[in-house]
Amino acid sequence: MLERRRFLQHSVLGSLGIFLGKQGFSLSNGTKAGAQSKPVVISTWAPNQKANAVAWKILAANGKALDALEKGIHVTEADPTDQSVGYGGLPDRDGRVTVDSCVMDERGNCGAVMCLEHILHPVSVARLVMEKTPHVQLVGEGALKFALSEGFEKVNLLTPEAEKAWKNWLKTSKYDPMITVEHLEERNKNQPKQVPGQQHNHDTIGMLALDMHGNLSGACSTSGMAFKMAGRVGDSPIIGAGLYVDNEVGAATATGVGEEIVRVCGSHTIVEMMRNGLSPEAACKKAVERIVKRNGIEKARNLQAGFIAINKQGEVGAYSVIKGFNYAVHTNNGPATVDAKFLI
Ligand code: ASP
């Protein structure tokens with residue numbers, strides 16, 4: 001997560017919202033960047049282009065959006081260099097890696113797991129909660145028990161690098177869930193030295209897809225805030241906050257300070273804004289504005305929350321509170337990375 005911030009700081013395109021790849025999808029402000037097409041897959045954070053590529057293969061072969069998302073998210077969950085999702089994720093203050101995930105499909109079905117330990121692919125457990133139980137959410141021990149009963153294996157999600165980072169953090173035990181550039185610089189000092197090629201750390205993966213059948217689905221997976229209080233759950237597995245899908249309208253997902261995203265029910269708010277006619281980008285901006293208004297500009301300067309959205313027409317958009325958020329999109333014309341606009 002921390003190196004990710006550096007990576008983003010080095011991005012020079014900032015608020016311009018410039019495409020870095022082939023242009024084959026529509027910007028949500030109405031600018032046609034190329035012929036409109038299905039399918040489309042979009043993920044929070046540029047490095048998740050790798051996850052998009054896997055999802056894309058399934059979408060391009062006429063697969064279902066949810067199948068594509070699940071397989072795509074597996075890439076990030078299994079990546080030990082991603083310190084904010086699954087294997088390799090930074091632990092809570094007690095040294096335990098706990099993961100949160102949710103899925104939502106085109107029929108409004110949804111499932112989530114929270115504070116789940118020892119499972120490599122929480123997104124798949126979330127899907128099974130949706131498909132095989134009468135419930136929407138399972139947490140902690142119960143979620144683990146369910147995963148094991150479904151044949152998932154128990155694995156150790158704490159990598160030596162993440163453990164080292166935690167032990168360094170313990171020296172000060174300073175916890176501040178606010179995400180600021182200065183704060184990140186400070187926390188970076190606690191990080192193990194990155195090896196070349198490992199500069200791709202980023203946050204939560206939130207992923208949305210429109211398949212060839214015109215159906216929308218979404219999924220989200222995270223290990224949450226580094227060194228969080230034991231039991232803390234953010235927005236990512238909360239339907240309506242970290243993810244929301246309405247197949248008649250569009251879908252949205254989030255990354256950043258989960259507490260702020262929950263407080264404005266971010267993803268649901270965005271879908272409702274799109275229902276009222278706003279473009280994906282304009283709808284994301286509205287949710288960001290609510291966060292900034294609630295906190296005031298000075299406090300909001302010290303926190304990051306970013307949203308991505310897609311509408312039924314396959315238009316995509318994003319917005320974040322402060323500079324540094326980007327996303328990855330893949331269409332028939334190939335992959336592209338976009339730097340999100342930001343409010344302050
Ligand atoms: N939204 C996630 C959470 O609050 C963290 C993140 O996206 O960085 O758990």
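The values are calculated or read from the model by the stated rules, or taken from the named source; none is laboratory data. None of the values given here were measured: they were computed from a predicted structure. Note: ideal-geometry Cβ built from the backbone for every residue, glycine included; neighbour counts use all protein chains shown. Only protein heavy atoms, including side chains, enter the accessible area calculation; ligands, DNA and RNA are left aside. Shrake-Rupley method; radii C 1.70, N 1.55, O 1.52, S 1.80 Å.
Taken together, GLY95, GLY151 contain a single residue that is more than 16 Å from the ligand (Cβ to nearest atom) and open to solvent by 30 Å² or more (accessible area, probe 1.4 Å), which is GLY151. Checked against (1) more than 16 Å from the ligand (Cβ to nearest atom); (2) more than 21 Å from MET273 (Cα to Cα); (3) outside any strand (DSSP E or B), PRO335 passes all but condition (3).
Under the condition of being crowded, with 22+ Cβ neighbours inside 10 Å and within 13 Å of GLY234 (Cβ to Cβ), the residues counted in region 254-285 number 9. When ILE291 is tested against (1) touching a Ser or Thr at 6+ places or on another chain (Cβ under 9 Å); (2) open to solvent by less than 10 Å² (accessible area, probe 1.4 Å), just one condition goes unmet, and that condition is (1). Contact map, region 55-68: residues that are among the β-branched types (Val, Ile, Thr) paired with residues that are open to solvent by less than 50 Å² (accessible area, probe 1.4 Å), Cβ distance under 7 Å, separation 6+ or inter-chain. Pairs shown: ILE58/ALA68.
When ALA226, ALA252, ALA241 are screened for being touching a residue at least 24 places away in the same chain (Cβ under 8 Å), out of contact with any Pro (no Cβ under 6 Å at 6 or more places or on another chain), within 14 Å of the ligand (Cβ to nearest atom) and not in a loop (DSSP other than H, G, I, E, B), only ALA252 passes.
Of these, GLU106, GLU117, which one is open to solvent by 10 Å² or more (accessible area, probe 1.4 Å) and either without any contact (Cβ under 8 Å) to a residue 40 or more places away in the chain or farther than 30 Å from LYS171 by Cβ (or both)? One residue alone meets the criteria, GLU106.
Look through SER124, SER101 and report the one residue that is surrounded by 18 or more Cβ atoms within 10 Å (Cβ to Cβ) and farther than 19 Å from THR255 by Cα. That would be SER124, the only listed residue that is surrounded by 18 or more Cβ atoms within 10 Å (Cβ to Cβ) and farther than 19 Å from THR255 by Cα.
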